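What follows is a single structure, written as structure tokens, with notes after it.
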Amino acid sequence: MKGRPSVVPAGHPPSPRRESKRARSQRLQAIVQVLAQLYPTVTIPLRHQTPWQLLVATILSAQCTDATVNKVTPDLFSRYPSAQALAQAPLAPLEALIHSTGFFHSKARALLATARQVAARPDRDLPRTLAELVALPGVGRKTANVLLSAAEIEKWPGWDARAGGLGIVVDTHVGRLARRLGLAFSLDPTKVEAELQTVVPPDEWAIFPLRLIYFGRQTCTSRNPDCPHCPLLSLCPAGPHHGETPWLATRGRTAVRAGSSRSSSSPNPANST
Ligand code: SF4
């Protein structure tokens, strides 16, 4: 990205700092439409057969690719298919099973604590609201939103994601894309989620982040966004700057160069809890 001129073409979106909320909302609508055409259907990248299994896979996906998690979970789920089964698992064999996902000590402890808490619930099942989910050990706001988004997209029986407090999944990649597209300004995922909630229609909250993530894999990668061939170029204030976000520069430094210091070959909606 270095060394290339940053020329903002006529008719291109201005700096998001100078854009009205109405103009940003209209631009967002166009972005939503383009992404919907590019990715009319999306699937949850983490393989699972039950809500519990998606929760386990999401916890394992912290700082790990979907592909690695998807290699580990078939064996894990065949041995421990439910919270009740996992709650009885010895620590050492569990750590061995999930070793390749990294941070296996802390992930194993989080899985056991979560499984035991879920198994001790009267219904022995996962809670179905964001407030209750984040009360589980190892479950943060993003993981809870991953579950509620999946409930909405996959139409899980007995789940009402919107009544349950569905928000917007914001991981590293969603944050990077949101800042490049001038839809959010903060580096704090919770604030990015709040910023997105002011412009993204509620009926898009479940699917919009997944579309962004797919788009971030294919076109708007962290280190080398393909701006010249990007279908969002005319809607993206970072396009003429090759993915940089000069409107976020502070104290002589660009606060958010690419929106992320990490690059992932397989970003997922759950790379931190
Ligand atoms: Fe990303 Fe460039 Fe497309 Fe903007 S124009 S969304 S920075 S690839």
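The values are calculated or read from the model by the stated rules, or taken from the named source; none is laboratory data. All values reported here derive from a predicted model rather than from experimental measurement. Neighbour counts are summed over all protein chains in view; Cβ atoms, including those assigned to glycine, are modelled from backbone coordinates with ideal geometry.
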Hits in segment 78-89 - residues which are more than 18 Å from His48 (Cα to Cα) and surrounded by fewer than 17 Cβ atoms within 10 Å (Cβ to Cβ): Gln88
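Which of the following residues is buried (at least 22 other Cβ atoms within 10 Å of the Cβ) and in contact with a His (Cβ under 7 Å, 6 or more places away or on another chain): Leu60, Leu54?
Residue meeting the stated conditions: Leu54.
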Odd one out for Ala23, checked against (1) more than 28 Å from Ala144 (Cβ to Cβ); (2) in contact (Cβ under 8 Å) with a residue 24 or more places away in the chain; (3) surrounded by 13 or more Cβ atoms within 10 Å (Cβ to Cβ): (2)
Selection count, segment 137-161, where residues are more than 19 Å from the chain's Cα centre (by Cα) and touching a residue at least 40 places away in the same chain (Cβ under 8 Å): 2
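Filter segment 223-250 down to residues that are among the small types (Gly, Ala, Ser) and near the ligand (Cβ under 6 Å from one of its atoms), then give me how many there are.
Here the count works out to 3.
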Qualifying position, being closer than 30 Å to Asn224 by Cβ and among the basic types (Lys, Arg), among Lys155, Lys142: Lys142
Residue check for Ala108: in contact with an Asp or Glu (Cβ under 6 Å, 6 or more places away or on another chain), without any contact (Cβ under 8 Å) to a residue 24 or more places away in the chain and crowded, with 21+ Cβ neighbours inside 10 Å: yes
Filtered residues of segment 1-43 (kept if modelled with pLDDT of 80 or more, touching a helix residue (DSSP H, G or I) at 6+ places or on another chain (Cβ under 9 Å) and among the β-branched types (Val, Ile, Thr)): Ile31, Val32, Val34, Val42, Thr43
Test for Ala92: is it at pLDDT 95 or above and either surrounded by 18 or more Cβ atoms within 10 Å (Cβ to Cβ) or of a type in the set (Ser, Thr, Tyr) (or both): no
Wholly within segment 136-200, helices (runs of 4 or more DSSP H) carrying at least 2 residues that are more than 16 Å from the ligand (Cβ to nearest atom): 141-154, 189-199
